[in-house]
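> Have a look at the structure that comes next, please.
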Amino acid sequence: MRRRYALGAILFFLVAYLMVPALMVKAADDKPLIFDEANLLSPEEREELNAMANEYGAERETDFMILTVNSVPNDDYETWTENFYDEYAPGYDRTHGNTVILTIVMSARDGSRNVHLEGYYKAEKYLDSGRLLKIQNKITPDLSKGDYKKAFEKYIKTAHRYMGFEPDMNPDNILFNLWFQLGSAATIGAIAVGIMAYRSGGRVTVSPRTYEDTSTSGILNQQDRYVRTTVTKQKIERNTSSGSGGGGGGGVSSGGHSHSSSSGKF
């Protein structure tokens, strides 16, 4: 019996010994994707987010990056982000490859804090400016509350989910919601069961026409009276103003790399 326990203990420690190096190699293989110069995260949070970005990015073959800085020259965070992409050359499987970047600038000259997103190559296609704006709107409340880790997690997960839909589809369509699909299936099932239960109790074959005497029934009188038709025209004013919450549209970096974009304040 003792030999059996001893053998089990030896096998356990042998497996643990073999697994630890593998885990260490995996951690070492994780690319640095979180650059928190503004110190918005703790070291543990940076490590967790970096591991998450690598895991989710591998599934979409895209680098999910986060950059935080206190300020940028001339408050031009779009050019600053473009220059980062040109110089750092990120990409999932090659330099200057599939990348989406979230940039947080904590202090602008007007006292505001800015959020900016850019998508390159595959990310430009699957995370166009419209989808980036949706991501921006989802994370802005958490950024405003100072819950940066939650905002960054939401950014990674939402970007990952959006890239699972074809570019011409609305990823927030309720038809794609799992709970809506389950609820719809349950409702349809309940209706089907109800119809079958109703029919199993016998059908009613008597209608209001059953006892109607068609020989004495009919229309006594009919009269149409036309009065007049009036057409009015009203000018519809166009809304040409744009909101101050953000904007987008994309651009091209000085290195010639096209990208989608969205930006705003929080």
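> Got a sec? Charge dipole of region 38-155, +1 on Cβ for Lys and Arg, -1 for Asp and Glu; which of Leu117, Tyr92, Ala151 is way out at the positive end?
It is Ala151, whose Cα lies furthest towards the positive end.
> Between region 51-67 and region 93-145, what is the separation of their alpha carbon centroids in Å?
14 Å
> When ranked by the protection proxy of mean other Cβ atoms within 10 Å per residue, highest first, what sequence do the peptides 249-259, 150-160, 71-81, 95-105 form?
Final packing ranking: 95-105, 150-160, 71-81, 249-259.
Where a number appears in this text, it was derived from the coordinates with a stated rule and is not lab data. Worth saying up front: this structure is predicted, and the values here are computed from it rather than measured. Neighbour counts are summed over all protein chains in view; Cβ atoms, including those assigned to glycine, are modelled from backbone coordinates with ideal geometry.
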